[in-house]
Amino acid sequence: MSKYQNNEVTPVVPHSRTVELVLGIIGGIFGIIAGLLAMTIGGIGSALETSGSAGVSNLGVGCIIVSVLAIILSVMINRNHVLMGWLIILCGILNFVFVSFFGILSGLLIVIAGGLALRK
């Protein structure tokens, strides 16, 4: 494909979504680590018979699922970057909600990847 400007042919290059892909994958990996950390803390709390420790383990599992989903959406970002961008932002917010303090880095990286995907 090319555009004609001043009788010259200039190629039209589609946007490369490499930055979003890399940030989404790194954020997803950190999210999986945060989920495993939350599950470990929940397991230790369960062993010590503290109340609410099972909920922490379940939120860790939710964080892992959302992080894997963020990685998958980051890989598919070239298909429909606007839809994938919004879904990746949602994954980043859910990542932070599920494991709060442990998910700050991963949630932030995933939200930035989704925000970058919304650009033209």
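The values are calculated or read from the model by the stated rules, or taken from the named source; none is laboratory data. Quantities reported herein were computed from a predicted structural model and do not represent experimental measurements. Cβ: placed from backbone, ideal geometry, glycine included. Neighbour counts: every protein chain shown. For accessibility, only protein heavy atoms count, side chains too; no ligands or nucleic acids. Shrake-Rupley method; radii C 1.70, N 1.55, O 1.52, S 1.80 Å.
Before we move on, is Ile77 surrounded by 15 or more Cβ atoms within 10 Å (Cβ to Cβ), outside any helix (DSSP H, G or I) and either under 15 Å from the mean Cα position of the chain (by Cα) or modelled with pLDDT under 85 (or both)?
Values: surrounded by 15 or more Cβ atoms within 10 Å (Cβ to Cβ): yes; outside any helix (DSSP H, G or I): yes; either under 15 Å from the mean Cα position of the chain (by Cα) or modelled with pLDDT under 85 (or both): yes.
Yes.
How many residues are on the phi > 0 side of the Ramachandran plot and within 9 Å of the chain's Cα centre (by Cα) when one looks only at segment 80-120?
Of segment 80-120, the ones on the phi > 0 side of the Ramachandran plot are 100.
Remaining after also requiring within 9 Å of the chain's Cα centre (by Cα): none.
Going through segment 80-120 one residue at a time, the tally reaches 0.
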Matching residues, segment 42-76, being under 17 Å from Leu105 (Cβ atoms) and free of Cβ contacts under 8 Å to residues at least 40 places away in the same chain: Gly60, Ile64, Val66
Scanning segment 18-54 for residues that are buried (at least 21 other Cβ atoms within 10 Å of the Cβ) and more than 16 Å from Ile65 (Cβ to Cβ), the one nearest to the chain's Cα centre (by Cα) turns out to be Leu23
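Out of everything in segment 103-120 that is surrounded by fewer than 24 Cβ atoms within 10 Å (Cβ to Cβ) and not β-branched (Val, Ile, Thr), what residue ends up being farthest from Gly27 (Cα to Cα)?
Quick first cut of segment 103-120, residues surrounded by fewer than 24 Cβ atoms within 10 Å (Cβ to Cβ) only: 104-105, 108-109, 111-112, 115-116, 118-120.
In the following step, the residues that additionally are not β-branched (Val, Ile, Thr) were identified as 105, 108-109, 115-116, 118-120.
On the way: Leu105: 7, Leu108: 8, Leu109: 5, Gly115: 13, Leu116: 14, Leu118: 17, Arg119: 19, Lys120: 22 Å.
Of everything passing the filter in segment 103-120, Lys120 is farthest from Gly27 (Cα to Cα).
Go through segment 80-90 and report how many residues are open to solvent by 60 Å² or more (accessible area, probe 1.4 Å) and β-branched (Val, Ile, Thr).
Initial filter on segment 80-90 (open to solvent by 60 Å² or more (accessible area, probe 1.4 Å)): 80, 82-83, 86-87, 90.
Checking the rest, the ones that are also β-branched (Val, Ile, Thr) come to 82.
Qualifying residue count, segment 80-90: 1.
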